Structure formats: structure tokens, C-alpha cells
Amino acid sequence: MLRHLFTLIWNRKRANFLLITEIFLAFVILFVVGSTLVYSQQNYRTPLGFDYEQVWQVDLDPGMQPRAQRAATQRQVIQRLKSLPGVRFVARSSSNTPFSGNSNRSDLRRTKESGGAYVNGNFYYVEDAMRDVLAPHLIEGRWFDKRDDASTRQPVIITQETREKLFPGESPLGKIIPNGDQEMQVVGVAGTYRASGDLSEPRAAAFLRVSPQDTSFEHLETLLVRVQPGAGAALEKRMTTEILAIGKGWSSNITPLAEQRAAQLKLIVTPLVALVVVCVFLIINVALGLFGVLWQTINQRRTEIGLRRALGASARAISAQIVGEILVVSTFGLALGLLVAAQFPLLGVLGVKTSVYLTAMLLATALIYTLTAVCALYPSWLAAGIHPAVALREE
Amino acid sequence: MLLSYLKIAWKVLLRRKFFTFISLFGISFTLMVLLVVYAMYDHTMGPHTPEKRVDRLLFITKLELWSDHSQSNSGASYSFLDRYVRPLRTPEKVSIATDGGSLVAYVGNQKLKLDTKSTDGEFWQVLDFDFLAGRPYTVREVREGAYVAVINESTSRRYFGTTQGVIGRFLEADALRFRVVGIVRDVPASRMLTTADLWKPITVSTVDLRDPSYLGPCMAILLARDAADIPTIQQEFRQVVSRVPVPDPKAYTEVRVYAEPILGNLLTRELFRTTGPDNGTGRFMALAFGLSLLFMLLPALNLVNLNVSRMLERSSEIGVRKAFGATSGVLVGQFLVENIFLTLLGGVLGLGLAAGVLHLLNGSGLIPYAHFTLSGRVFGAALGVAVFFGMLSGVYPAYKMSKLQAVQALKGGTN
């Protein structure tokens with residue numbers, strides 16, 4: 001029966017060519033949109049790895065103040081902020097704060113000589129107090145503290161993604177890795193840390209300690225402040241006033257991380273929504289078209305169907321044939337589409353996990369089959385209702 | 001003759017309403033999506049306030065110190081633009097402003113974050129803002145470092161609660177007091193190079209005007225005397241840049257900075273992140289054209305499928321016409337006209353839908369201060385796209401119909 005259907009469609013491949021192309025295109029679109037959605041959803045479900053509620057980002061702009069004085073003024077600002085009621089912890093940070101869209105990427109290597117294991121990771125320069133501000137999740141070892149003041153090597157905490165690449169199957173604690181001409185010593189391992197945002201892929205990262213003696217200002221212009229729950233505009237205004245009172249000619253900008261997150265999400269989700277809306281419209285369009293074409297063909301095939309009925313085929317068999325035929329046409333289109341879709345995981349161009357593509361392929365295939373079957377239902381019912389005597393007399 | 005074709009087309013449309021609905025649904029939605037995208041493009045790049053004379057404007061927003069191994073790029077510094085761009089002879093006027101910035105004002109305990117642009121006095125002569133009240137600050141006020149500001153309508157409402165009688169009152173932000181000298185109509189956030197909530201003299205900003213380094217937070221806007229002068233200005237600027245000494249010649253070999261029209265500047269530098277001499281406008285156009293073609297392909301195929309499968313309905317008509325001597329060419333013409341008529345009808349519906357969607361977008365606040373409208377250019381685009389879509393989806397069915405054998409067609413067969 002199935003073979004028979006395939007032969008039927010194959011023999012009329014020129015007539016079915018347009019339908020097959022249409023289904024092929026619809027599949028490709030569903031696959032692309034599906035991959036994007038599955039990818040985003042998988043990332044969204046991964047934990048961020050830090051606590052952003054009640055954390056405010058304070059951007060400082062020293063204006064025209066001479067460079068040499070900036071760090072000292074910043075120190076005063078931090079002292080003052082810490083003393084305000086409602087402020088719990090303050091820490092300096094590099095500008096790649098959560099949800100800011102900034103990144104500072106470099107290669108992390110296992111050994112100084114090139115050729116060993118390496119991974120490109122985000123470098124976060126943080127102070128000891130960052131443990132209390134963002135509360136990154138620690139898996140092994142310890143967070144930076146006073147003990148690190150004495151160490152001759154730059155202490156570093158790597159995330160689990162970095163460990164998997166650089167130290168597969170061994171404990172990284174105490175290990176020494178190069179950083180340019182200098183050396184870093186691993187003191188701890190943190191869990192996944194996705195400061196790039198909710199929909200970003202978990203990627204390798206490392207925290208580098210900024211010691212309290214560090215008086216550079218340029219990479220550490222940003223402050224992260226953990227405030228008491230319930231702190232609001234009053235505290236924000238107070239903070240701004242205090243900062244501007246200490247730093248003459250300075251300007252500052254305070255943004256709660258929750259707000260920054262919402263803004264970033266809106267920026268990413270809006271195009272996704274637009275994509276989905278357009279895709280839904282295209283699919284509805286295809287479905288309607290398919291339905292129209294099938295309906296039309298039933299009218300053209302009345303004699304054929306009448307003949308089959310007259311020769312003893314049941315109404316059920318007729319329905320099955322109509323639905324079966326369109327499913328076979330879909331299979332041809334899908335085969336072409338899968339051929340194209342398979343190139344993505346095979347070539348690995350976008351660096352996305354294969355499971356994402358497979359899920360999207362599965363979803364798109366299922367959706368196309370469902371769609372075509374549903375579109376064929378009414379025409380097949382019409383076909384089954386054709387009375388052989390009437391149909392044959394028309395001829 | 002055309003009239004009778006149209007009459008026939010109308011009758012065919014009315015005959016099977018369900019099929020007409022399917023066709024129109026596909027056409028109108030396709031055109032709607034394209035029109036919305038085009039309206040947004042026009043809104044961002046087209047000649048609208050404040051860049052009304054956009055065809056006469058050039059922008060310099062990025063500067064790169066370049067070598068094979070090392071690149072460093074950001075905006076340009078004020079001193080660089082002041083020394084090398086301001087003295088250019090070919091532009092009518094040059095304005096220097098900051099890329100952007102922000103100030104924080106408080107209304108009671110309510111925080112008001114104001115996007116701010118610090119500009120020189122020429123800024124107001126190069127661009128055309130709609131002033132609701134007051135005036136722009138002058139070149140002299142900028143030179144003297146006066147604490148004056150032009151604010152937009154929304155800021156005036158939020159801070160003062162009104163737009164009436166605000167001129168001369170003071171707005172306090174970042175512990176500075178600015179005297180409001182003018183109120184302008186809101187500039188959509190999509191005009192990325194000129195939008196702000198508050199504009200103030202660059203001499204009262206945190207920008208160091210004497211900082212000798214090339215990289216900085218500023219941009220320049222050049223107004224040409226005539227749209228045709230644009231290449232001349234670019235030429236002159238290229239020559240000036242080629243003589244600019246490279247700072248830190250050990251690390252860098254080249255200073256890369258270009259004066260470009262709004263599209264080349266804004267979209268391609270941001271989208272492709274290119275810094276070389278080619279700003280990628282050509283690539284962007286090709287990409288946009290390719291994508292919209294790809295997007296139209298599926299609905300077009302759908303329409304082709306429908307039309308081909310409906311050929312049988314018309315076979316006796318075709319047979320009669322052929323029998324009476326109509327050539328294939330005439331028949332192809334007729335069916336194409338019919339299809340274009342259909343797509344134009346869809347285009348009208350699409351325009352209506354697009355107007356609705358743009359209205360929703362305006363109301364949603366997705367892009368602050370956006371006010372998308374269907375301009376004459378959008379109408380033109382709609383017409384063009386509809387005709388193109390009609391051709392795309394009509395040629396194959398028309399060809400197939402015209403190829404029907406007269407005898408077969410009269411008999412009522414298709415193959």
C-alpha cells in the first residue's frame with residue numbers, strides 16, 4: 001500500500017514538484033526558528049550563577065579630574081557609600097557587569113607553551129566583597145580573602161566550564177596557569193556564571209582578584225552595591241548626592257541590575273517574538289494553501305475516486321489514500337529539508353550543541369506531518385463522500 | 001481590453017470566495033510584514049526630524065587606530081575633530097557633539113534618567129529640530145560655557161508637569177542647574193545619532209576638550225551645501241586624514257576614520273562592525289534584498305500552487321479563446337494582469353494592516369518616542385512590492401495556462 005503510494009507520487013513528481021518545494025521551504029523555516037527557540041530556551045533554563053536582586057550598579061565618570069587623584073576619590077566614595085544606612089556591601093568591578101553587554105575576553109591556557117589545552121573565557125576583575133554582593137556559587141575551594149594579600153601569584157577562581165576544558169578529570173585547586181607573562185594560581189572553582197544574560201550560552205569564565213591595595217581606577221570604574229531589601233529611590237538619590245559631593249565634577253549613574261536585566265531581555269526577546277509571529281503567519285499561509293490545493297484536486301479526481309468506490313473500495317480506504325498521498329508528498333519535502341538541516345550539526349558552523357538541532361528537526365518534522373494531515377482531513381472526508389454512481393455518470 | 005481583463009478578474013474573485021480569501025490572506029500579510037519593516041527603516045534612515053536634510057549630511061562617529069596586530073577603536077576626541085574636521089573647506093557647516101551620555105534628575109524622590117547630548121552651537125544649524133517653545137542655545141553661549149539646555153517635550157512634562165511657561169525655568173540634574181532655553185518635539189530613539197532628552201553645551205560637560213588623544217567620546221556632523229557635494233567632502237576628508245600623524249607609531253600604522261551618510265554610518269558599522277574603508281552599504285542592500293526575496297518566496301509558491309490547481313476552472317474559457325485565435329502571449333498577459341490586480345488588492349489590505357501594526361508599535365513604547373507612519377515613500381514601496389510579488393507568483397501559472405492545448409481545454413482536461 002505504502003509502496004504503491006510512493007510510486008503514485010513519484011510518477012507525478014512534476015505535478016507535485018511545487019508542493020514538495022513548498023513543504024521543503026516550510027520545513028527549513030520551522031527548523032531555523034525552532035533551533036533558535038530551543039537554543040534560547042535551553043540557555044534560559046540554566047541557572048545564572050549569581051544573585052542580582054537588590055544589587056545596584058553605580059557607573060562613575062570622573063570627568064576632567066586628573067588621573068592621579070581618581071582612585072583616592074573613588075576610595076572615599078566607597079567608604080561613604082558603605083556607611084549609608086540601607087547599603088550592605090560595596091565592591092569595585094570591571095565594566096563587564098551582569099546584563100551590561102560588555103565583555104572582556106582572553107585565552108586561558110593550561111601551560112605557557114602554545115599547543116596545550118586552552119579556552120577563550122570572560123575575565124571578571126572582582127574584589128573580595130563580591131562574594132557578598134553577587135554571591136557567585138562556589139563549588140570547590142574558597143573565595144578570595146585576606147590570605148591572598150601575601151601570595152606572590154595572582155589568585156584566580158575558574159568556573160566549571162573552564163575546568164572542564166583545562167583540567168578534565170583532575171582537581172584544579174592549587175594549580176598554576178599562565179596569564180600573559182605572569183602566573184595565576186587557582187584557589188577555587190565557581191559554578192556556571194552567565195553575566196552576559198538570561199539567554200546567553202554558559203561559557204568559560206574566570207574571576208581575577210583585585211587586591212585592596214590596587215590603586216588603578218581605569219578598569220575598575222564600576223561599583224556594585226548590595227542594598228537592603230526594599231531600598232528604593234530615596235536611597236538612590238542619597239547615594240547620587242553623596243557621590244557628587246565627594247567627587248567634584250564627577251557624574252554617576254545608578255541602575256538596579258534587575259532593571260538592566262529587564263532592558264536586556266526586552267532587547268533580545270522582541271526580535272524573537274517578531275520572528276515567531278512571522279513564522280506562524282507563514283505556516284498558516286502554507287496550511288491554507290495546502291488545504292485549498294487538496295480541495296481543488298478532489299474535484300478533479302472525482303472519476304478516479306468514483307471508479308475505486310465502484311470497484312469495492314471502502315470510504316475509509318479512500319480517505320486513507322488521500323491523507324496517505326499528502327503525507328508521502330510531505331516525506332519527499334521533509335527528506336530534502338532534513339538533508340539541508342543536517343548540514344548545520346555536521347559542519348558545526350555556529351558552535352551550537354547538536355542536541356539543539358536534533359530537537360528542532362524532530363519538532364519541525366512532527367509539526368509538518370501534523371499540519372499536512374490536518375489539512376488533508378476535510379478534503380479526504382469529501383472524497384470519501386463521493387457517490388460512485390454520480391461521479392461516473394459525470395464522465 | 002484592460003478593463004475587460006479586470007472585469008473578468010473581479011468575477012473570478014467572486015466565484016470562489018474561500019480561495020480568494022486564502023490568496024488575499026497570504027498576499028496582504030506578506031506585504032504587511034515588508035511594509036512594516038520598510039516603514040521602520042524609513043523612520044530610522046529617511047529624511048525625518050531632526051535629520052530632515054539627510055541627503056546632505058555626513059557623520060563621523062568612529063575612529064580606529066589600526067595595525068595588523070592591534071586595533072583600538074571608539075569615538076573621536078573633541079580635539080581631533082576640532083583640529084581636522086572643523087577646518088574642512090567643502091562642507092557648509094560642521095558640528096561636534098558627544099555620542100551620548102546621561103544625567104540624573106529628581107522630581108521629589110522620583111528618579112528621572114535623562115539621555116543627554118552635549119553639543120556645540122552649530123548643532124542646531126546643521127539639524128532641523130521642531131521647536132515648540134524657546135530657541136536653541138547659541139554659539140556664543142557655548143563658548144561662554146553657559147548652563148543652558150534644550151529639553152524635549154516629554155522631559156518638560158515629566159520634570160515641570162507642563163510645556164507651558166517652562167522657558168527660563170531651571171532644571172537641576174547631577175547637582176548642576178540648567179536654564180531651559182528651548183523645548184523641542186520628542187526625537188525617536190531610533191534616530192540614534194541625534195536623539196536625547198536634554199541637549200546642553202559641550203563646554204559644560206565632563207568631556208575634556210583639550211585632551212590631545214585621538215580617541216574620545218565625540219562625533220561630528222557635516223552639512224554639505226548640496227547633496228552632490230558629498231563625494232567631494234569625503235574626498236577632502238580622506239586627504240586630510242592621510243596626512244594626520246599616527247600617534248604611537250610603534251603600536252599602530254594607520255588612523256582610520258571616515259565621513260559617511262547615515263545608512264553607511266549607522267547601520268553597517270553597527271551591524272557588520274566593519275572598520276575598513278568599505279562601509280558595507282552594498283552588502284547590506286544585497287542582504288536586505290535577498291532576505292525579503294526569500295521571505296516572499298514561500299507565500300509566492302503558495303499562490304502559484306493555488307493558481308495552478310485552479311486552472312481547470314478556466315480551461316473551457318482558455319479553450320474558447322484559443323480556438324478563436326488568441327496567442328499564448330495574449331493569454332499570458334491576461335493572466336498576469338489578473339494576478340497583479342489580485343496582489344494590488346492584497347497590497348491595499350496590507351497597507352491597512354501595516355497601518356494598524358505601526359499604530360500598535362507606536363502605542364507599545366517599544367522604541368521610545370517612536371512615531372511610525374505610512375509616508376508617501378511607504379506607499380510607493382507598497383506599490384512596487386505588490387507588482388513585483390504579482391509577477392513573481394503569476395508568471396508560472398500564466399505560462400502553464402497559456403500552454404493548454406485548445407482541444408484538451410475545450411474537453412475539460414488539464415494534462
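Values quoted throughout were computed directly from the atomic coordinates according to the rules given, and no laboratory measurement underlies them. Since the model is a prediction, treat every value here as computed from it, not as a measurement. FYI the Cβ positions are ideal-geometry reconstructions off the backbone, even for glycines, and counts take in every protein chain you see.
Okay, here's what the table says:
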| read-out | value |
| --- | --- |
| Proximal charge balance of residue B:55 [Cβ under 15 Å; K/R count +1, D/E count -1] | -2 |
| Phi-based couplings in Hz for the stretch A:115-123 (Karplus 6.51, -1.76, 1.60; Gly and Pro marked x) | x, x, 5, 8, 8, 8, x, 7, 9 |
| Phi-based couplings in Hz for the stretch B:215-221 (Karplus 6.51, -1.76, 1.60; Gly and Pro marked x) | 7, x, x, 10, 9, 10, 10 |
| Amide hydrogen neighbours beyond the local backbone of residue B:52, cut-off 5 Å, H modeled | B:128 |
| Of A:58, A:24, A:72, farthest towards positive along the dipole that unit charges on Lys, Arg, Asp, Glu beta carbons give the stretch A:19-168 | A:72 |
| Cα gyration tensor shape for chain A, rounded if a/c is under 1.5, else prolate or oblate | prolate |
| Among beta bridges that DSSP assigns inside the stretch A:126-257, antiparallel share in %, nearest 5 | 60 percent |
| Estimated D of the protein assembly as shown in µm² per second, where Rh is the Kirkwood radius over Cα pairs and Stokes-Einstein applies at 10 °C, 1.306 mPa s | 50 µm²/s |
| Cβ charges +1 (Lys, Arg) and -1 (Asp, Glu), total dipole of the stretch A:63-249, debye | 480 debye |
| Selection from A:185, A:169, A:240, by position along the positive dipole direction of the stretch A:164-269 (Cβ) | A:240 |
| Three-way shape call for the stretch A:140-187 based on the alpha-carbon gyration tensor, with the a/c threshold at 1.5 | oblate |
| Estimated [θ] at 222 nm from DSSP helical runs (n ≥ 4, -39500 (n - 2.57)) normalised by residues in the protein assembly as shown, nearest 500 | -16500 deg cm²/dmol |
| Residue exposure sequence - A:237, A:248 - by fewest surrounding Cβ within 10 Å | A:248, A:237 |
| Charge dipole of the stretch B:63-257 about the Cα centre (unit charges at C-beta), most positive-ward option of B:160, B:118, B:252 | B:160 |
| For B:193, B:198, order by how many other beta-carbon atoms lie within 10 Å, fewest first | B:193, B:198 |
| Taking A:12, A:209, B:314 and counting other C-beta atoms within 10 Å, the order from fewest to most | A:12, B:314, A:209 |
| When the convex hull of its Cα atoms is projected in every direction, mean area for chain B (nm²) | 27.0 nm² |
| Partner lysines for residue A:146 [C-alpha distance under 22 Å; skip if fewer than 8 residues away on the same chain] | A:82, A:175 |
| Size of charge dipole - chain A - debye, nearest 20, with Cβ of Lys, Arg +1 and Asp, Glu -1, no other charges | 660 debye |
| Computed magnitude of the charge dipole of the stretch B:63-257 (debye, nearest 20; Cβ of K, R +1, Cβ of D, E -1) | 440 debye |
| Rg and Dmax of the stretch A:63-249, Cα atoms only, in Å | 17.7, 55 |
| Proximal lysines to residue B:62, defined as alpha-carbon separation beneath 17 angstrom and excluding residues fewer than eight positions away on the same chain | B:117 |
| Derived scalar couplings ³J(HN,Hα) [the stretch B:384-401; Karplus, 6.51 cos²θ - 1.76 cosθ + 1.60; whole Hz; x for Gly, Pro] | x, 5, 5, 5, 4, 5, x, 5, 4, 8, x, 4, 5, x, 4, 4, 5, 5 |
| 5 angstrom amide H check on residue A:190, placed H, neighbours 5+ away | A:139, A:158, A:159, A:160 |
| Between helix A:315-341 and chain A: long-axis angle, C-alpha atoms, 0 to 90°, nearest 10 | 40 degrees |
| Taking only Cα atoms of the stretch B:63-257, radius of gyration then Dmax in Å | 18.3, 58 |
| Helix B:230-242 vs. chain B, principal-axis angle (Cα, 0 to 90°, nearest 10) | 50 degrees |
| Alpha-carbon centroids, the stretch B:126-144 and the stretch A:364-395: separation in whole Å | 71 Å |
| Mean Cβ neighbour count within 10 Å, used as a protection proxy, ranking A:32-44, A:324-336, A:165-177 highest first | A:324-336, A:32-44, A:165-177 |
| Between 0 and 90°, nearest 10: helix B:17-45 axis offset from chain B longest Cα axis | 20 degrees |
| Cα-based reach from residue B:113 at 23 Å (exclusive), listing lysines while leaving out same-chain residues under 8 positions away | A:237, A:248, A:266, B:200 |
| For residue B:254, residues with placed amide H under 5 Å, excluding near neighbours | B:66 |
